[in-house]
1. May I ask you to list the chymotrypsin sites (Phe, Trp or Tyr not before Pro) in the range B:1-106 that are in a DSSP loop and have at most 11 other Cβ atoms within 10 Å of their Cβ?
2. With every protein chain left in place, what is the accessible area per residue of the protein assembly as shown in square angstrom, probe 1.4 Å?
3. In peptide B:16-22, how many Cβ atoms from other protein chains are near each Cβ within 10 Å, on average?
4. For A:E53, B:E91, give the ranking by accessible area with the largest first, probe 1.4 Å.
5. Count charges around B:H103 for me, please; just the other residues with Cβ under 9 Å from its Cβ, Lys/Arg as +1, Asp/Glu as -1.
6. Nearest 100 Å² is fine: how much accessible area is buried between A and B, summed over both sides, with a 1.4 Å probe?
7. Answer rounded, prolate or oblate for the range A:19-105, using the Cα gyration tensor with square roots of eigenvalues a ≥ b ≥ c: rounded when a/c is under 1.5, else prolate when a/b is larger than b/c, else oblate.
8. Run the numbers on chain B and let me know its relative contact order in percent, using alpha-carbon pairs under 8 Å that are six or more apart.
Protein chains: 2
Amino acid sequence: MPMQGNLFAALPPPGADETFDTLFEHPQLRIERIVSDGHASPEGFWYDQTQTEWVMVVQGEAVIAFADDRREAMRAGDWLTIPAHCRHRVESTGPATVWLAVHVESASRP
Amino acid sequence: MPMQGNLFAALPPPGADETFDTLFEHPQLRIERIVSDGHASPEGFWYDQTQTEWVMVVQGEAVIAFADDRREAMRAGDWLTIPAHCRHRVESTGPATVWLAVHVESASRP
């Protein structure tokens with residue numbers, strides 16, 4: 001696990017798969033860079049996570065859809081907290097979209 | 001605690017005090033926005049934190065100095081992990097510098 005880096009370093013080329021890089025890891029949390037390039041969750045797929053996620057769009061744009069039909073259009077600097085088991089999917093992303101995600105174990109975990 | 005926001009919203013005006021805003025809080029961690037505007041740690045002051053800190057410069061620039069004389073010049077996207085009790089100070093910051101800091105309780109905490 002590197003101790004330092006740059007969030008915009010070694011971005012995958014356009015058209016590459018969505019990438020996930022762990023920047024920091026700890027028993028209670030993981031900080032991750034996600035790079036999307038027009039990616040979306042598969043049709044009908046919903047994330048249903050056991051962890052709380054705090055996520056920010058650092059560069060680019062995206063739309064997150066929630067199971068209650070709410071949609072959040074996100075641009076650079078927009079962040080939101082997604083509680084554990086709050087079903088959501090990535091409806092769309094723009095080119096070269098860089099996310100910072102903090103995945104947090106639920107406080108009730110034994 | 002708001003569930004969403006924008007990291008660049010409601011930036012303090014130039015010349016204001018350094019500001020600290022909690023974006024997410026959990027028993028094991030706290031995510032914070034820090035806005036510096038030419039601020040530096042007081043001369044001779046060292047942070048000596050019981051928590052591990054993962055910190056990124058999102059906008060602007062800064063220099064962090066460590067007690068072992070190491071210096072890190074940070075620009076947008078640069079992040080680093082500062083272990084607990086790793087003494088450091090903010091030597092300088094540029095105008096309108098926006099940090100994202102994740103303060104993590106040490107794993108050994110009872």
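1. Numbers: sites: B:F8, B:F20, B:F24, B:F45, B:W46, B:Y47, B:W54, B:F66, B:W79, B:W99; in loops: B:F8, B:F45, B:W46.
Hits after loop and neighbour filter: B:F45.
2. Working: 10830 Å² over 220 residues.
Value for the protein assembly as shown: 49 Å² per residue.
3. On the way: counts 0, 0, 0, 0, 0, 0, 0.
For this peptide, the per-residue mean of nearby foreign Cβ atoms is 0.
4. Details: A:E53 15, B:E91 65 Å².
Putting A:E53, B:E91 in descending order of accessible area: B:E91, A:E53.
5. Numbers: positive: B:R30; negative: B:E32, B:E53, B:E105.
Cβ neighbours under 9 Å give a net charge of -2.
6. On the way: alone 6790 and 6770 Å², together 10830 Å².
Answer for the A-B pair: about 2700 Å² buried.
7. Values: a/c = 1.67, a/b = 1.12, b/c = 1.49.
In terms of gyration-tensor shape, oblate.
8. Relative contact order for chain B comes out at 33 percent.
The values are calculated or read from the model by the stated rules, or taken from the named source; none is laboratory data. Quick caveat: nothing in here was measured; it's all calculated off a predicted structure. Cβ sites come from the backbone with ideal geometry, for glycine too, and all protein chains shown count toward neighbours. Protein only, heavy atoms only, side chains kept; ligands, DNA and RNA dropped before computing areas. Shrake-Rupley method; radii C 1.70, N 1.55, O 1.52, S 1.80 Å.
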